[in-house]
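Read through the structure below, which is laid out as structure tokens, and then see the notes.
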Ligand code: HCA
Ligand code: CU
């Protein structure tokens, strides 16, 4: 899992999110932020999708970003001819291989798919840019069909093959096994794309890397078709635990919150309360037992260090599960002088009030201050 790379698809898959509409300026702002964050590739909507999509693709290619710019097309020469003229560093080609998509979407058989793949790949390669070939709905495709098509495209020299869990049906063990199998039949890099319909997109990405994949498709906040794909932030949370040095050196983690806010604003959603890292309570500790241990040593109840992401931890003390250690730390913040015995006494006042109604910080501060002035009087 150590040397993984990120393909950010906020400006392609993310544009397929129900709420998404990105102006040219917004796309440029997002692309620049992702580049500064350190993603390896930025994938853009097909130039064939609309006239403006083509212009935006050309404009982003001209920014001179460190990240390589990709566009995403159907496996068709008509698309390929337009894509290679936009100035992109590479082209991601995709075609459905499952029986669902072959019968009900494009209506082509595996022979036709192989022939058009070879034609498109050779054409894109002849222009000196990167080419990835991916099957859509890989996990509902026939394994023999998949292995055959990947062997064919590997032989003619694609840079990467991709597998896509288009409908979000795959589980981590299936992912691990499919990647391992592919790894044994191709020599090029493997890229993976996971939808989150059954909540497995981060776990699947992790298992893909364990199985030997090198690249993962992500989008900011996971936005995409339906409920989206592997989120950038969630994958960072997973990977900083697995490969801390690599992740901290390579990615500008303190930018994560700003990038998420930028995209959340652009598509008019809020950051989910339970989002990894940036959810409002991601580093809030509540129960008295947790608060006590966190105050002694944060590693007791934290696998992620909020400082790595420019976040801060918070000890929630205004509730009936609170304990005297949490109240003690609040007393110190208020710069008041109470003995441990007195803190225990005021803690029980806080707890009995919190049994009656929900408290806020100000309520607790008032209880503490009142108690303090009474004992000093
Ligand atoms: C889609 C296509 C895709 C492509 C993934 C890829 C998918 O259905 O819109 O190119 O790797 O999920 O299959 O996003
Ligand atoms: Cu997708």
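The values are calculated or read from the model by the stated rules, or taken from the named source; none is laboratory data. If you're wondering where the values come from, they're calculated on a predicted model, not measured in any experiment. We place every Cβ from the backbone using ideal geometry, glycine too, and count neighbours over all the protein chains shown.
Summary of values
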item: Residue in region 267-285 that is within 16 Å of ligand 2 (Cβ to nearest atom) and surrounded by 15 or more Cβ atoms within 10 Å (Cβ to Cβ) present; result: no
item: Residue 294 farther than 27 Å from residue 72 by Cβ, modelled with pLDDT of 95 or more, in contact with a strand residue (DSSP E or B) (Cβ under 6 Å, 6 or more places away or on another chain) and assigned to a helix (DSSP H, G or I); result: yes
item: Qualifying position, being closer than 18 Å to residue 136 by Cβ and touching a helix residue (DSSP H, G or I) at 6+ places or on another chain (Cβ under 7 Å), among 67, 80; result: 80
item: Single condition residue 92 does not satisfy, out of (1) crowded, with 22+ Cβ neighbours inside 10 Å; (2) more than 28 Å from residue 59 (Cα to Cα); (3) out of contact with any helix residue (DSSP H, G or I) (no Cβ under 6 Å at 6 or more places or on another chain); result: (2)
item: Count of residues meeting criterion [more than 14 Å from residue 162 (Cβ to Cβ) and surrounded by 24 or more Cβ atoms within 10 Å (Cβ to Cβ)] in region 210-227; result: 6
item: Residue check for residue 189: farther than 18 Å from residue 113 by Cβ, surrounded by fewer than 21 Cβ atoms within 10 Å (Cβ to Cβ), at pLDDT 95 or above and within 14 Å of ligand 2 (Cβ to nearest atom); result: no
item: All positions within region 64-75 that are touching a residue at least 24 places away in the same chain (Cβ under 8 Å) and away from ligand 1 (no atom under 14 Å from the Cβ); result: 65, 66, 67, 68, 69
item: Filtered residues of region 1-49 (kept if part of a strand (DSSP E or B) and within 16 Å of ligand 2 (Cβ to nearest atom)); result: 6, 7, 8, 41, 42, 43, 44
item: Qualifying residues in region 11-26 (those that are in contact (Cβ under 8 Å) with a residue 60 or more places away in the chain and over 15 Å from residue 268 (Cβ atoms)) - the one farthest from ligand 1 (Cβ to nearest atom); result: 12
item: Matching residues in region 307-331 - criterion: being farther than 22 Å from residue 366 by Cα and in contact (Cβ under 8 Å) with a residue 24 or more places away in the chain; result: 308, 309, 310, 311, 312, 313
item: Failed condition for residue 1, given (1) in contact with a helix residue (DSSP H, G or I) (Cβ under 7 Å, 6 or more places away or on another chain); (2) at pLDDT 95 or above; result: (2)
item: Enumeration of residues in region 348-377 that are outside any helix (DSSP H, G or I) and in contact with a helix residue (DSSP H, G or I) (Cβ under 7 Å, 6 or more places away or on another chain); result: 359
item: Elements of type helices (runs of 4 or more DSSP H) in region 222-274, at least 1 residues being in contact with a strand residue (DSSP E or B) (Cβ under 8 Å, 6 or more places away or on another chain), farther than 19 Å from residue 33 by Cβ and within 16 Å of ligand 1 (Cβ to nearest atom); result: none
item: All positions within region 50-70 that are farther than 13 Å from residue 11 by Cα and not in a helix (DSSP H, G or I); result: 50, 62, 63, 64, 65, 66, 67, 68
